[in-house]
Amino acid sequence: MAEEILDAATSRLLMKKTWCHGQVVAAFQGVLYFAWGYESTDLSNTWRALLTSSILLLPIWSIVSWRSMQGRRAYYAWIILAFGTILLVFYAAVIWVALEDDHPYQLGLVILTALQCMETSAYLVVVACLKESLEEDDSDVQYSLF
């Protein structure tokens with residue numbers, strides 16, 4: 001149905017616009033989680049490791065998801081969907097930790113993470129619905145980060 005209404009270029013534009021609404025912020029959010037995990041003394045070592053790993057996880061997600069949208073093979077959509085699903089589990093764990101931790105910015109962290117969950121979910125739905133636009137085979141595609 002979507003492919004009848006939208007051409008590949010419009011589908012890719014919708015994916016990129018949805019990505020820009022939240023996934024570019026994820027890289028900077030990783031810095032916030034890292035600082036929280038680093039300075040919090042109430043957290044177990046496991047939770048601290050989870051939070052500090054976000055300094056790498058979230059920027060890698062931003063880069064991988066952006067570059068995968070530039071690809072022209074069907075498996076790129078599956079890379080986005082798989083990595084994004086793992087990221088949603090990560091966000092659920094962050095919300096769990098934020099609700100259990102007595103951090104001064106607890107409410108802000110929960111709200112920020114819940115919003116990021118919604119943005120990532122919306123992006124994954126758009127990719128899932130429009131993944132056929134990633135299946136084109138164009139040999140003259142330019143790959144760049146931005």
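Before moving on, here are some points about what is shown:
- Gyration tensor verdict on region 1-75 (Cα atoms; rounded if a/c is under 1.5, prolate if a/b is larger than b/c, oblate otherwise): prolate
- The label-point distance for A128 and I63, in a model that sets each label 7 Å from Cα toward Cβ, rounds to 2.8 nm.
- Net +/- balance of residues flanking T41 in space, Cβ distance below 12 Å, scoring K and R +1, D and E -1: -3
- Solvent-accessible surface of region 1-107, taken per residue with a 1.4 Å probe and all protein chains present: 56 Å².
- The Cα atoms of the chain give a gyration tensor whose axes a ≥ b ≥ c have a/c of 1.5 or more with a/b greater than b/c, which makes the shape prolate.
- Dipole of region 29-146, positive end: most advanced residue of A98, W47, Q29 [Cβ charges, Cα centre]: W47
- Charge dipole (debye, nearest 20) of the chain; +1 at Cβ of Lys and Arg, -1 at Cβ of Asp and Glu: 200 debye
- Accessible surface of the chain, 1.4 Å probe, proportion on carbon and sulfur as whole %: 66 percent
- Taking every alpha-carbon pair in region 37-122 and binning the separations at 10 Å intervals from zero gives 16, 45, 26, 10, 2 percent.
- In this structure, A82 and D102 have a Cβ-Cβ separation that, at R0 = 22 Å, corresponds to a calculated FRET efficiency of about 0.05.
The values are calculated or read from the model by the stated rules, or taken from the named source; none is laboratory data. Small disclaimer: the values here were computed from a predicted structure and weren't measured. Backbone-built Cβ (ideal geometry, glycine too); neighbour counts: all protein chains shown. Each accessible area value is taken on the protein alone, full model and side chains, heavy atoms only, with ligands, DNA and RNA left out. Shrake-Rupley method; radii C 1.70, N 1.55, O 1.52, S 1.80 Å.
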